1. Give the longest segment of the chain that steers clear of GluC sites (Glu not before Pro) in DSSP loops with at most 14 neighbouring Cβ atoms within 10 Å, not counting the sites themselves.
2. Explain nothing, just the number: dipole magnitude of the stretch 74-141 about its Cα centre with +1 on each Lys and Arg Cβ and -1 on each Asp and Glu Cβ, in debye rounded to the nearest 20.
3. List the lysines whose Cα sits under 27 Å from the Cα of Lys79, skipping any in the same chain fewer than 8 residues away.
4. Obtain the nm distance between the two label points defined at Gln122 and Lys104 by a simple spin-label model: each point lies 7 Å from its Cα along the Cα-to-C-beta direction.
5. Specify the angular offset, from 0 to 90 degrees and rounded to the nearest 10, of the alpha carbon long axis of helix 64-75 from the longest principal axis of the alpha carbons in the chain.
6. Out of the total accessible area of the chain (probe 1.4 Å, heavy atoms of protein only), what percent is carbon and sulfur?
7. Which is farthest toward the positive dipole end of the chain among Ile134, Tyr105, Tyr56, measuring Cα position about the Cα centre, with Cβ charges +1 (Lys, Arg) and -1 (Asp, Glu)?
8. Per residue, what accessible area does the chain have, given a 1.4 Å probe and all protein chains present, in Å²?
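The values are calculated or read from the model by the stated rules, or taken from the named source; none is laboratory data. Small disclaimer: the values here were computed from a predicted structure and weren't measured. Note that we place each Cβ from the backbone using ideal geometry, even for glycine, and neighbour counts take in every protein chain shown. Quick note on the areas: whole protein, heavy atoms, side chains included, nothing else; ligands and nucleic acids left out. Shrake-Rupley method; radii C 1.70, N 1.55, O 1.52, S 1.80 Å.
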Amino acid sequence: MFSKSKFAALLVILFGRLVMAAELEVGQPAPGFTMQDQYLKTHNLEQYLGKWVVLYFYAKNDTPGCTKEACNFRDDIFKLRAMDAQVLGVSLDSSESHARFAEKYGLPFPLLSDAAGEVAKQYGCLSKWRGLNIARHHTFIIAPDGNIAKIYRKVDPNTHSAQVLADLAALQAD
């Protein structure tokens, strides 16, 4: 028979394993979402079924690394579109902040506002930094069937877009 303390310890161990098992993996269905972009247009994952989706999470509009990453996706947008891929940027910033950021840098793709951090949490990207919730730099390539095809948990904003292009080419060649 378990004592209360042993039972509690067992629950912690089991709960910890359940939390770890819940981390997204390649081949799993991508969690659904509904968010507004910089123009207050609503986007959901279902509308992109049949296309490749590059869903990239970033910390904050108009910060050095986030700007570099966004501009690299902007510069590669024609290559990405030629691969039938839709780029969607996500941060916890407001739609208004996204509108200013997109206009300032000529970003030709939706920037989705996850103000409450719910989608970032579903994708394992929600983090705290100096007491504020932010989305970590993580990217998910979602296949046309809605399943996760590639996960990037470590992102170099300087080279990430080129890496995504190369990996999309490899995924589409399979």
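1. Longest run free of exposed loop sites: 26-174.
2. Around 240 debye, computed over the stretch 74-141.
3. Reachable lysines: Lys41, Lys51, Lys60, Lys68, Lys104, Lys150, Lys154.
4. Label-label distance for Gln122 and Lys104, simple model: 2.9 nm.
5. The two axes meet at around 50 degrees.
6. In the chain, the share of accessible area belonging to carbon and sulfur is 59 percent.
7. Final value for the positive-end residue is Ile134.
8. 55
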